[in-house]
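Following: one structure in structure tokens, then a few remarks.
Nothing in this text is a laboratory measurement; each read-out follows from the coordinates by a stated rule. Because the structure is predicted, anything quoted here is derived from the model rather than measured. Here Cβ is always computed from backbone atoms with ideal geometry, including for glycine, and neighbour counts include all displayed protein chains.
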């Protein structure tokens with residue numbers, strides 16, 4: 001087992017470093033929810049709702065490329081940028097070591 | 001008890017039929033694997049003996065308590081159903097148009113801002129701005145170019161992921177000067193006096209400029225929302241309805257919530273759990289609907305299925 005460390009910027013601009021084990025086959029979305037971040041992730045990880053939208057501030061180049069489902073869904077988002085990703089499609093593994101994510105999707109009312 | 005099912009979708013089965021009918025599901029006991037649509041078809045067959053009623057393609061908008069404690073459920077098409085108990089099995093919620101972050105957008109809804117094209121004639125000889133880059137943005141741009149006085153399509157990207165044929169048609173229309181195509185841009189502000197009259201657009205360089213518009217049609221796909229359910233006085237926590245796990249009742253007497261739409265300590269969003277919640281809810285709902293009747297719990301292995 002290894003621990004993956006990366007930074008997360010919340011909507012209030014506060015930045016925290018998260019340490020997440022890499023052997024639980026977690027997605028970044030699941031790790032964020034488990035760490036009590038207020039994200040909707042309504043569809044549960046099927047790349048259907050785009051409510052786990054994050055901006056990759058650092059480490060974008062190391063991430064695996066987006067699949068068709070993620071590209072389609074990001075395309076519908078009015079505020080998506082070139083460095084936007086859906087957290088549900090990013091696996092927690094060594095590729096995100098040192099990355100920096102900014103949470104963008106809508107929050108629970 | 002007689003049951004009547006109302007669904008905003010045109011068919012029963014919720015996400016299984018609508019979103020991933022051909023995906024295999026692996027966590028239904030007794031089925032090592034089953035296609036989502038096959039599971040829905042089987043469930044439909046299983047409930048046939050009970051002859052439930054169906055109202056499909058209509059969304060429940062209103063829930064009104066009557067003096068005798070019954071409810072009148074009213075749908076988007078004004079179908080009314082009177083019942084003693086209501087069970088919300090709303091899953092992810094209902095899919096509503098995703099709204100871009102544009103100042104004063106909601107103020108102009110119905111006054112120039114529309115998220116879908118219901119009656120294209122409304123746009124005849126008007127100045128229309130569409131926003132988005134998917135199939136519906138492309139299709140409506142092509143269609144409205146023959147109807148409206150002026151059509152402008154604003155797209156955040158440089159290319160379109162929609163159907164290549166439609167993207168090509170839009171490019172041709174733009175070259176021929178029949179539409180105004182603005183790429184790498186976003187709508188930032190809208191303005192008007194009682195009705196929309198202007199749309200402000202920012203390009204990649206963040207320079208803003210304003211164009212005249214009678215209508216703005218943002219087409220950014222759909223996103224699941226709780227919808228009218230949020231207005232029924234139910235306890236809601238993180239977009240889910242809080243229930244008592246004794247019988248999956250909500251804080252409002254006679255209203256139950258089961259499946260993905262509810263929440264309680266230890267909640268798991270699994271179809272399996274939805275079945276369990278439904279069974280306990282039915283026992284409680286029966287006692288609520290028929291307080292004077294005794295309910296004896298029976299096994300179908302002993303008694304078979306008693307058709308209504």
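Our note on the geometry: Cα centres of the range B:134-199 and the range A:34-49, 31 Å apart.
A helix-only calculation puts chain A at -4000 deg cm²/dmol for mean residue ellipticity at 222 nm, using -39500 (n - 2.57) for each DSSP H run of at least four residues, averaged over all residues.
Only beta bridges with both residues in the protein assembly as shown are counted; by DSSP, about 65 percent of them are antiparallel. Mean residue ellipticity at 222 nm, helices only, chain B: -6000 deg cm²/dmol; runs of at least 4 DSSP H residues each add -39,500 (n - 2.57), and the sum is divided by the number of residues.
What is the Cα centroid distance between the range B:87-133 and the range B:201-254, reported in whole angstrom? Cα centroid of the range B:87-133 versus Cα centroid of the range B:201-254: 13 Å apart.
When you work out D = kT/(6 pi eta Rh) for the protein assembly as shown at 20 °C and 1.002 mPa s, using the Kirkwood radius from C-alpha pairs as Rh and the Stokes-Einstein form, the result is 88 µm²/s. Could you calculate the contour length gain from residue A:36 to residue A:12, that is, 0.36 nm times the residue separation minus the distance between their Cα atoms, to one decimal place in nm? Result for the pair: 7.2 nm of gain on full extension.
Using 0.36 nm per residue and subtracting the Cα-Cα separation, the extra length available between residue B:79 and residue B:121 on full extension is 12.4 nm. To the nearest µm²/s, what D does Stokes-Einstein give for chain B at 20 °C and 1.002 mPa s, using the Kirkwood radius over alpha carbon pairs as Rh? For these conditions, the coefficient is 95 µm²/s. From least to most packed, judged by other beta carbons within 10 angstrom and beginning with the fewest, B:65, A:85, B:294 follow the order B:294, B:65, A:85. Each peptide in B:213-222, B:20-29 gets a packing score, the mean of other Cβ atoms within 10 Å over its residues, and the list from highest to lowest is B:213-222, B:20-29.
Each residue in B:271, A:96 was given a count of other beta-carbon atoms within 10 angstrom of its own, and listing them fewest first yields B:271, A:96. Evaluating kT/(6 pi eta Rh) at 25 °C and 0.890 mPa s, with the Kirkwood radius of the range B:159-308 over Cα pairs in the Stokes-Einstein relation, gives 115 µm² s⁻¹. Annotation: for a label point projected 7 angstrom from Cα along Cα→Cβ of residue B:237, residues of the range B:250-287 with backbone N closer than 16 Å are B:250-252, B:257-269. Taken over the C-alpha atoms, the range A:8-109 has Rg and Dmax values of 12.3, 34 angstrom.
Exposure proxy for B:287, B:225: other Cβ atoms within 10 Å of each Cβ, ordered fewest to most, give B:287, B:225. Relative contact order of chain A, taken over Cα pairs closer than 8 Å and 6 or more residues apart, is 41 percent.
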